[in-house]
Amino acid sequence: METKIIHLSSSDNDIKKYENSTQLLGERLIDDALPNQTITMECSTANEFEQMRNRFRALLSTTIVNSPTEITSPNQTQQQNSQFVTIGTSDISETTPPSIEPTFHLRHLKGIMSGPAIRPLNSDLQTVAKQQLFEEPEKIQENLEAFREWIRKSAHLRSRMDDQFLVTFLRGCKYSLEMAKKKLDMFYTLRTHIPEMITARDPLDQKLHRIIKMGVGLPLPKTETPGSPRLMLMRAGIYDASEFTMQEVMKVTTMINDIIMIEDDNSIVAGQIGIIDMKNVTIAHFMQMQPSLMKKMTMLFQEGMPVRQKGVHYINAPSTFEKVFNVFKTFLNDKMKSRLYVHSSMESLYKVVPRKLMPAEYEGEGPPLQEITDVWEKKILTYRDYLLQDNSLYGVDEKKRIGQPKNSSSLFGLEGSFRQLDFD
């Protein structure tokens, strides 16, 4: 069996080559072009080693699934046959002399793989996928290939091509290939044309990291059953509106949603239920929610995300909320309008949302908010390179789009055409 060796370097003058190589490698793995791959990464310091490994983890987490993988890193060799490839931590100290070049070897035994490279669903989610999404396991590979072939022919579209990413759109569109094409195109179109919410998503940026540590948006860890929707808690009034903008908050929210798309089958298959806590929301918060921004936000999540939104529940809403709420609803389709609920009390919420799923601070039986926040802070940081590379590698090139190119005006309307909210 022929082995292809790709040498990747983390030196500053070779970063572009590295990025191109990882993307090319991902496509090769996905397209099954090579039966066996050995990747060697070399770097001169422990910091560089960590940086390289984290970058590669983002790629591996979405391209190598259900495949025996042999991993060798400095002073560490292990054979791993688990469902997910996890790269072990290096025991190289920060004082590693530059003359020592630690290496990381990964052998992907491609020939052993069969079927689509996606996580197997638990039995409950398999039932949901078949009954509600019309998923036929024996046809997933065929559907993915048809989807991928269309992407290749779409010159304007620079998309991730791995099975796990693409099946998210097929499932979110109930396996209508035409709807999945439109959703994926809109996913990348909106991300290209709303840079204020997508670009420079560095979780180590001082302000963004502080928002992450606040836990403004938190996917809750428990679901009612293994096949139930995921609860997403948003605490809209927890940040200082004089210090942070809604665009910055939305950057963190899109980070979390990107990770959900990769990791959370409950959200993708069974759907997501939003809990929006309006406690401590002030006029300053509402002033940030101008109509032009609300339209971009609703389009981003309603038309540009494959997550199935099963309902949005508002709690602790102040009297001034009605004005914003009425404007917000004008940007929603009829299905989403019918899934909005405003609760006057927690008891009202708990008639439709199981109390046991909510954090302890909401008189629920779930973990405390700080514990959930800490888990997600660590998770987001592990995806740092994935998030930073996402915008530079993927999106749309309107110059190459067949037909009428899209722009901010055609997507969102003229910026000055929206009446500004007034809270006098």
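Coordinate-derived values only; no laboratory data. Since we're looking at a predicted model, the values are computed, not measured. Using ideal geometry, Cβ is built from the backbone for each residue, glycine included, and neighbour counts are taken over all protein chains shown.
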Exercise. How about region 324-415: which GluC sites (Glu not before Pro) there lie in a loop by DSSP and see at most 11 other Cβ atoms within 10 Å?
Worked result: GLU363
Seminar exercise, completed: The ³J(HN,Hα) series, computed from each phi in region 287-303 with the Karplus coefficients 6.51, -1.76 and 1.60 at θ = phi - 60°, rounded to the nearest Hz and given as x for glycine or proline, is 5, 6, 8, 6, x, 4, 6, 4, 5, 4, 5, 5, 5, 4, 9, 8, 10
Exercise. For region 156-233, what is the Kirkwood hydrodynamic radius in Å, using each pair of distinct C-alpha atoms?
Worked result: 15.4
Problem set entry | 25 Å Cα-Cα threshold exceeded, pairs from LYS153/LYS329; LYS337/LYS399; LYS139/LYS183; LYS139/LYS379; LYS181/LYS335 | LYS153/LYS329; LYS337/LYS399; LYS139/LYS379
For this session: Once you have a ≥ b ≥ c as the square roots of the Cα gyration tensor eigenvalues for region 116-424, tell me rounded if a/c is under 1.5, and otherwise prolate or oblate according to whether a/b is larger than b/c.
Result: oblate
Exercise. Using a ≥ b ≥ c from the Cα gyration tensor of region 333-380 (square roots of the eigenvalues), is it rounded, prolate or oblate, where a/c under 1.5 gives rounded and otherwise the larger of a/b and b/c decides, a/b for prolate?
Worked result: oblate
Exercise. In nm, what is the difference between 0.36 nm times the number of residues separating GLU138 and ALA360 and their Cα-Cα distance?
Worked result: 75.7 nm
For this session: With θ set to phi - 60°, apply the Karplus curve 6.51 cos²θ - 1.76 cosθ + 1.60 along region 227-238 and write out the HN-Hα couplings as whole Hz, x wherever there is a Gly or Pro.
Result: x, 9, x, 8, 8, 10, 8, 10, 9, 5, x, 7
Exercise. Each residue of region 350-365 in order: what ³J(HN,Hα) in whole Hz does its phi give by Karplus 6.51 cos²θ - 1.76 cosθ + 1.60, θ = phi - 60°, with x for Gly and Pro?
Worked result: 6, 6, 10, 10, x, 4, 4, 7, 7, x, 4, 5, 9, 6, x, 10
Problem set entry | Percent RCO, i.e. relative contact order, over region 116-424, from Cα pairs under 8 Å lying at least 6 residues apart | 23
Exercise. If you average 1/r over every pair of different alpha-carbon atoms in region 211-328 and take one over that average, what Kirkwood value in Å do you get?
Worked result: 14.9
For this session: Apply 1/(1 + (r/R0)^6) to the Cβ-Cβ distance of SER345 and GLN389, taking R0 = 41 Å, and write down the FRET efficiency to the nearest 0.05.
Result: 0.35
Seminar exercise, completed: Scattering profile of region 361-411 from the Debye formula, Cα beads only, expressed as log10 I(q)/I(0) at q = 0.21 Å⁻¹, is -0.83
For this session: Rank by packing, highest mean first: peptides 273-279, 123-129, 337-343, with packing defined as the count of other Cβ atoms within 10 Å averaged across residues.
Result: 273-279, 123-129, 337-343
Exercise. What is the set of long-range amide H partners of ILE275 at a cut-off below 5 Å, with H atoms built 1.01 Å from backbone N?
Worked result: MET232, LEU233, MET234, HIS313
Seminar exercise, completed: If the chain between LYS130 and ILE151 were fully extended at 0.36 nm per residue, the gain over the current Cα-Cα distance would be 5.0 nm
